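Working notes for the structure below.
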């Protein structure tokens with residue numbers, strides 16, 4: 001009966017999703033913001049998952065772990081491939097300054113809230129070393145912001161590409177920083193757990209890190225060779241790529257590290273020793289970005305546990321409010337700095353896209369739930385998703401408020 | 001005017017009816033461009049080439065999810081469109097070349113359009 005009900009619900013959702021009325025409604029700014037945030041896929045995942053329609057059970061999710069590894073590895077390599085030195089050298093200094101500022105602000109602001117909230121949530125019954133990984137997740141997921149600016153763009157003003165790049169590039173850099181930060185701290189936290197001694201296990205963490213770096217270098221070099229040998233055949237290149245992604249992701253997981261971290265390192269090595277064949281294939285990798293994004297959000301919806309206590313919900317709310325304050329303060333600080341350099345970024349102050357959570361946060365939380373499956377980590381994933389939705393709605397609200405205050409000049413990307 | 005194509009004015013003032021059609025090629029794979037250009041020159045077909053961007057590429061640049069630095073990648077979109085007005089027999093040769101000599105994966109999309117009227121076209 002449950003299966004019948006679930007199928008009925010899915011069919012109903014499909015009919016609604018393909019109806020003309022929804023197609024029209026989808027064009028609204030509210031709907032386009034939510035769709036671009038990936039939330040419909042999360043909703044479908046929740047509806048299908050163990051905490052919803054139970055079409056996909058916990059056991060099935062366990063068997064689907066290799067799919068999760070593949071998807072996260074794909075994301076990691078895609079991010080790492082972009083971190084080519086030739087690209088990084090082209091990025092103006094103010095973008096890097098903004099990222100450094102974001103990291104500092106986030107570690108101080110979000111880090112404080114996360115530490116207090118996690119200690120309160122666990123009632124202080126666990127050693128601080130165990131909370132390193134959850135703390136790292138909450139901090140890393142708060143770095144950066146959504147790179148999609150289209151849904152909050154004001155059509156009445158000209159499209160300013162420079163401002164959009166100033167919003168998009170630092171966020172991309174922050175995503176890389178988030179993956180590295182979380183990867184490193186997760187190694188420390190995981191090693192501390194595995195030794196059974198509730199202290200920081202820096203020595204074993206360093207060994208694991210060395211192994212992952214060596215793995216990334218080997219796979220990067222091997223990947224270059226294999227992709228070159230695969231020639232121009234898309235099918236051959238895809239086969240090689242899938243093998244690399246699964247291998248680096250799977251081995252990273254076995255080393256108790258996030259597959260995102262290992263794959264990003266491998267992508268970084270591959271991108272910086274790339275041949276024309278590899279660069280040509282990169283287009284194909286990036287072309288699949290939206291599809292991979294939908295799968296990440298779907299898997300997150302399937303995996304997340306939203307049975308949060310009052311403390312958990314309070315933590316989520318606190319993270320949202322602190323995030324809003326921090327990001328707006330960061331942008332104001334950046335704008336003040338830029339004025340000194342005669343580069344006006346006044347419009348950026350009124351662009352609330354910086355409040356939106358970066359999609360990489362969902363991927364990081366999913367990877368934690370994969371590497372260390374536990375109810376607590378699934379609830380952390382739930383918190384990350386709640387923060388994401390709330391931040392998206394807050395950004396839309398602020399955008400509308402800014403337009404009322406200054407119609408035609410406020411809240412746009414230009 | 002010929003019903004099947006446009007008229008072409010010769011330099012001595014007389015008109016010669018030739019069956020001219022417009023050839024439009026959408027070249028999505030940049031590594032097939034050289035072969036196409038060479039073939040067009042071999043068959044005596046001139047044309048105009050413009051850089052273009054596919055819808056998917058536009059969406060990727062406008063709505064990145066994870067790859068925000070892709071917009072800084074130092075290359076063109078890779079897509080080109082070629083517009084040419086040429087005699088039908090030459091265009092047919094070009095299409096035969098595309099179908100017979102080029103790998104399926106590297107073939108451009110090509111369409112021919114009949115023309116009612118042409119002005120400004122010179123030899």
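The values are calculated or read from the model by the stated rules, or taken from the named source; none is laboratory data. Every value quoted in this text rests on a predicted model; they were computed, and no experiment measured them. Cβ: placed from backbone, ideal geometry, glycine included. Neighbour counts: every protein chain shown.
Could you please find all residues in region B:23-38 being within 11 Å of residue B:108 (Cβ to Cβ) and more than 14 Å from every other protein chain (Cβ to nearest Cβ)? Scanning region B:23-38 gives B:23, B:24, B:25, B:26, B:27, B:36.
Within 22 Å of residue A:291 (Cβ to Cβ), over 23 Å from the mean Cα position of the chain (by Cα) and either within 14 Å of chain B (Cβ to nearest Cβ) or in contact (Cβ under 8 Å) with a residue 40 or more places away in the chain (or both): is that true of residue A:55 in this structure?
When the stated conditions are applied, residue A:55 passes them.
Out of everything in region A:87-98 that is more than 13 Å from residue A:282 (Cβ to Cβ) and within 8 Å of another protein chain (Cβ to nearest Cβ), what residue ends up being surrounded by the fewest Cβ atoms within 10 Å (Cβ to Cβ)?
A:90
Scan region A:239-249 and tell me whether some residue there is surrounded by fewer than 21 Cβ atoms within 10 Å (Cβ to Cβ) and under 23 Å from residue B:60 (Cβ atoms). The answer is yes; a qualifying residue exists. Residues of region B:18-46 that are in contact with a strand residue (DSSP E or B) (Cβ under 8 Å, 6 or more places away or on another chain), over 14 Å from residue B:84 (Cα atoms) and modelled with pLDDT of 85 or more: B:33 alone.
For residue A:117, the stated conditions hold: it is over 27 Å from residue A:288 (Cα atoms) and at pLDDT 90 or above.
Among the residues making up region B:52-76, those that are more than 7 Å from chain A (Cβ to nearest Cβ) and at pLDDT 75 or above are B:52, B:53, B:54, B:55.
Residues in region A:273-323 that are within 14 Å of another protein chain (Cβ to nearest Cβ), farther than 22 Å from residue A:45 by Cβ and in contact with a helix residue (DSSP H, G or I) (Cβ under 6 Å, 6 or more places away or on another chain): A:275, A:277, A:278, A:281, A:282, A:285, A:286. Residues satisfying the criterion are present in region A:391-409 (criterion: within 21 Å of residue A:107 (Cα to Cα) and either at pLDDT 85 or above or assigned to a helix (DSSP H, G or I) (or both)).
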